[in-house]
Structures are given as structure tokens and as C-alpha cells.
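J.: My questions will all concern the structure given below.
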Amino acid sequence: MQCCMNFWSIEMKATIETIGLKIADLGNAERITKALLSELSREVLEVVLIDEGKDTGKGTEDSRTINELINVLTPVNKRAAIVFFKHLSPFLVATNEAGEFAAFGKKDKKNWEAKLEEVKEFIADPHNNIWSWAERNIEVEQKPFDVKKVTKTIENSIKKAGMKATLEAVFAGGLTLENILEIMNPEEEEQEQN
């Protein structure tokens, strides 16, 4: 079996054509994901808060459906969904030890009616969904570069793979010896600038 796997990996070498096909597949998957999440963002709010579709006249009032949706999303979509549902859903937010979002919890009785009205207004416009809301309310910001994080990653790599393999990976990643020296001696660079 091993010889066959190597044979396929040799025969299926990436070409501009195969990469083009994969990009097209990814684009189709992205469109499907975006469209499906757009629909689900509205449907989940409606079923959980307004009408569960069983002629009861009220939603399930249970955050589990929102949590299930969030748990299957990619990290980027997950972050957007968490912000979206924090804003629109009247559920308490559970956090982990680091204070980061863990899940939606119990019904927030104090804010239930106000959020219910906000969701009804939101759902009334058929163009409102997670993406239209995010476009108006979420600003994407790039995280600042953290040298300490890089240092920690390199230290862990040295422990696991050894110095030679780590340096090969660093250089293959595009860092030059000059870059490394700049990182190691930042005060020299500051003196040159002054």
C-alpha cells in the first residue's frame, strides 16, 4: 500500500491546472459556506427566539442550537458568529479561564424582551443576515507582530526538532541572517536611527 501512495503523490504533482481546479473548488465551497451561514444566521435567531415552527408561538429559548452552529465553523467565521450572536441573542455568555468565549448559556431574563424585539426587527428585513450585519458592525484589525510569540515558537521547535531543523525552517520561511541579527540586537538599529 505504501508504494501505491508514493506512486500517486508522484503522479499527482501540482501544476497550474490542478491548482486552478483546487482554487475553483475552494471558491465554490466558500460561496456555499457563505450562503448557508447567511441563511442559518437568520433561521437560528428565528427558531430560537421567535417561532420554533411547531405552532407554539414562541422560540425554543435554548442556546444549544447557536452553540452547535458556532462549533462547526472555521475560526474566522466562528469569530464573526460569536460577535453577531453576542449582539443579538439574549443568552448569558460563558467564558473559559482566560476570559475567552466558551459558549452561550442560560436565558438572560432581564434582556430577553428587548433582544426579542431587536431580533424581530432584524429578521423583518430579508436582506439582514450575519454578513450584512458584520459589514456594518465588525472592523477587522490585524494583530500586532509579537516577537515574544516568535521566540517561544522557535524555542519549542528547537526542543522538538532540534536546532538544525529549526534553523532550516526559519530560513525556508524567508528570514535572513540579517533579519535574525536585527532581532537579536535591536538597540544597534535604534542607535543607527538616532
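J.: Pop out the ³J(HN,Hα) list for segment 28-33 in order, Karplus 6.51 cos²θ - 1.76 cosθ + 1.60 with θ = phi - 60°, rounded to Hz; leave Gly and Pro as x.
T.: 5, 5, 4, 4, 5, 4
J.: Once phi is turned into θ = phi - 60°, what whole-Hz ³J(HN,Hα) does the Karplus curve with 6.51, -1.76 and 1.60 give for every residue of segment 98-110, x standing for Gly and Pro?
T.: 7, x, 8, 3, 10, 5, 7, x, 6, 5, 8, 4, 5
J.: Quick one: grab Rg to one decimal and Dmax as a whole number for segment 1-158, Cα atoms only, in Å.
T.: 21.3, 64
J.: Tell me which residues come under 5 Å, amide H to amide H, from residue 93 once H is placed; ignore anything under 5 positions away on its chain.
T.: Residues meeting the amide H criterion: 105.
J.: Something else: In whole percent, what relative contact order does the chain give with Cα contacts below 8 Å and a gap of six or more residues?
T.: On the way: 118 pairs, mean separation 29.3, N = 194.
After rounding, I find 15 percent.
J.: With θ set to phi - 60°, apply the Karplus curve 6.51 cos²θ - 1.76 cosθ + 1.60 along segment 66-79 and write out the HN-Hα couplings as whole Hz, x wherever there is a Gly or Pro.
T.: Ordered by residue, 3J(HN,Hα) equals 5, 4, 4, 4, 4, 5, 9, 7, 5, x, 5, 5, 4, 4 Hz.
J.: Before anything else, pin down the relative contact order of segment 36-89: Cα pairs under 8 Å, at least 6 apart, normalised by residue count, whole percent. Don't jump to the answer; show the numbers that get you there.
T.: On the way: 33 pairs, mean separation 11.9, N = 54.
Contact order relative to length: 22 percent.
J.: Sticking with this structure for a sec: Run the helix sum for the chain: -39,500 (n - 2.57) per DSSP H stretch of 4+ residues, divided by residue count, reported at 222 nm to the nearest 500 deg cm²/dmol.
T.: Only helices count here, giving -20000 deg cm²/dmol.
J.: How large is the Kirkwood hydrodynamic radius of segment 66-194, in angstrom, based on all distinct alpha carbon pairs? Before the final figure, lay out each step's value.
T.: Working: mean 1/r = 0.0521 Å⁻¹.
Final number for the Kirkwood radius of segment 66-194 is 19.2 Å.
Each reported figure results from applying straightforward, stated rules to the coordinates on display, with no laboratory input. These numbers were taken from a predicted model, which means no experiment stands behind them.
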